[in-house]
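A.B. asks: The structure is given below, and queries will be raised subsequently.
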Amino acid sequence: MQSGIYVGISSQIALERRLTTIADNIANMNTVGFRGTEVKFNQVMAETKNDLRANIAFVTQGNDYLSTVNGEVERTGNPFDFAVKGDAWFAINTPSGQVLTRDGRFSMSTTGELISTKGYPVLDPGGAPIQLNLSAGEPTVGSDGRITQNGRTMGQIGLFTADAKKGFVRYENSGVIFSQAPQPVVDADRAGVVQGFLESSNINGVSQMTQLIQVNRAFEGISSMMKSTEENLSQALRTLGGGQ
């Protein structure tokens, strides 16, 4: 009976983890370039022996992974708005180091740097800030990220890839810091830049709300099962102890 309680506790911990990720996804439904977090749970077989010689399986706390589904791309017409085509990311330089993002809402600073909405420098493929000409007008950006002003090449918006399976943490809005060092994209057919467009969050609100309801019901079901198990255990102890 005690094993059932321990299994229930492990399940509740896992479900609480899932609730946290669902809540974060729903909160970022309207965040530009946001990619949802999912959780993968594994089953762990306990080595505990029991009278029935039955295997006891526990649920792990789970491992986070990023959804690879692209969000819808919407036209804005703004020459400083950009979307990533393919499985890649823009890179920005922040106080925490290099951060990858699919939020392409950029602008030009008073010093001519291409910057993010938070004022962080956007990086080129070599990891350096991009400097534009303040007096040369709006930039034109090709699918390879190459930037021109008045027919003169001014730099290139870098695209990067990283393996989220190696670990990652969130950073402001849609930003992600990967444990694995990001690598610049060298294959132009693999990913590209689209000027005048933005990528929406890839979160499906209806799907997330459905999952939220299912997880809550599962949590309540496990709580009910654990309460019943505890009552049966207490009754068994009273019976064995000669109590009433």
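The values are calculated or read from the model by the stated rules, or taken from the named source; none is laboratory data. In this text, all values refer to a predicted model and were calculated from it rather than measured experimentally. Don't worry about glycine lacking a Cβ; one is built from the backbone with ideal geometry, like all the others, and counts go over all protein chains shown. All accessible areas refer to the heavy atoms of the entire protein, side chains included, with ligands and DNA or RNA removed. Shrake-Rupley method; radii C 1.70, N 1.55, O 1.52, S 1.80 Å.
A.B. asks: Kindly state, to the nearest 0.05, the FRET efficiency for Asp144 paired with Ala218, given R0 = 41 Å and r defined as their beta-carbon distance. Could the numbers behind the result be given before it?
C.D. replies: Working: r = 47 Å, r/R0 = 1.15.
Between Asp144 and Ala218 the formula returns 0.30.
A.B. asks: Something else now. What is the percent carbon and sulfur in the accessible area of segment 118-192, measuring with a 1.4 Å probe over the protein chains and ignoring ligands?
C.D. replies: Of the solvent-accessible surface of segment 118-192, carbon and sulfur hold 45 percent.
A.B. asks: Mind listing the phi-derived Karplus ³J(HN,Hα) values for segment 72-78, rounded to whole Hz, using 6.51, -1.76 and 1.60 with θ = phi - 60°, and x for any glycine or proline?
C.D. replies: Result, ordered by residue: 5, 9, 10, 6, 10, x, 7 Hz.
A.B. asks: Using θ = phi - 60° and the Karplus relation 6.51 cos²θ - 1.76 cosθ + 1.60, list the HN-Hα couplings for segment 158-169 in order, rounded to whole Hz, with x at every Gly or Pro.
C.D. replies: Residue by residue, segment 158-169 yields x, 10, 9, 10, 7, 8, 5, 5, 7, x, 7, 9 Hz.
A.B. asks: Calculate, for segment 137-228, the solvent-accessible area per residue in square angstrom, rolling a 1.4 angstrom probe over the heavy atoms of the protein chains. Please report the intermediate quantities before stating the final value.
C.D. replies: Values: 5080 Å² over 92 residues.
Solvent-accessible surface per residue comes out at 55 Å².
A.B. asks: Amide H to amide H under 5 Å from Arg146: which residues, 5+ apart in sequence or cross-chain, H placed 1.01 Å off N in plane?
C.D. replies: Excluding prolines and chain starts, which carry no amide H, the hits are Ile157.
A.B. asks: Still on this model: Apply the Karplus curve 6.51 cos²θ - 1.76 cosθ + 1.60, θ = phi - 60°, to the phi angles in segment 133-145 and return the couplings in whole Hz, x for Gly and Pro.
C.D. replies: Here the 3J(HN,Hα) series is 9, 4, 9, 9, x, 5, x, 10, 10, x, 5, 8, x Hz.
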